[in-house]
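*Asks:* Pasting in a structure now, in structure tokens, and then I'll have a few things to ask.
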């Protein structure tokens, strides 16, 4: 099997994670311009948090060692749950 093909899932997951974490929630202001309350209540910012968490959780499937895989899955799941809780607090 081609050596590059064996790394394709990991490369794809890393790419998705980096794109999700570096995506602009919405253009028009810098991250700190509106204050911390805006960051944790804006649906756009919460979507980025949830997307990054989902990418981490999914990408952890490709890690062979148990402890790092579980740690990354836990961080991803906590990110998604945090986004859901913060979204619920908005209402």
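The values are calculated or read from the model by the stated rules, or taken from the named source; none is laboratory data. Note that the structure is a prediction, hence the values are computed from the model and not measured. Positions of Cβ are backbone-derived with ideal geometry, glycine not excepted, and every protein chain shown enters the neighbour counts.
*Asks:* Return yes or no: is residue 20 buried (at least 17 other Cβ atoms within 10 Å of the Cβ) and either more than 10 Å from the chain's Cα centre (by Cα) or at pLDDT below 70 (or both)?
*Replies:* Taking the combined requirement at face value, the residue satisfies it.
*Asks:* Can I ask one more? Answer yes if at least one residue in the range 69-87 is assigned to a helix (DSSP H, G or I), loosely packed, with under 14 Cβ neighbours inside 10 Å and modelled with pLDDT under 85, and no otherwise.
*Replies:* So far as the range 69-87 goes, no, none of its residues is assigned to a helix (DSSP H, G or I), loosely packed, with under 14 Cβ neighbours inside 10 Å and modelled with pLDDT under 85.
*Asks:* Would it be correct to say that residue 64 is over 16 Å from the mean Cα position of the chain (by Cα) and on the phi > 0 side of the Ramachandran plot?
*Replies:* When the stated conditions are applied, residue 64 does not pass them.
*Asks:* For the range 42-57, does any single residue satisfy the condition of being assigned to a loop (DSSP other than H, G, I, E, B) and at pLDDT below 75?
*Replies:* No, that holds for no residue.
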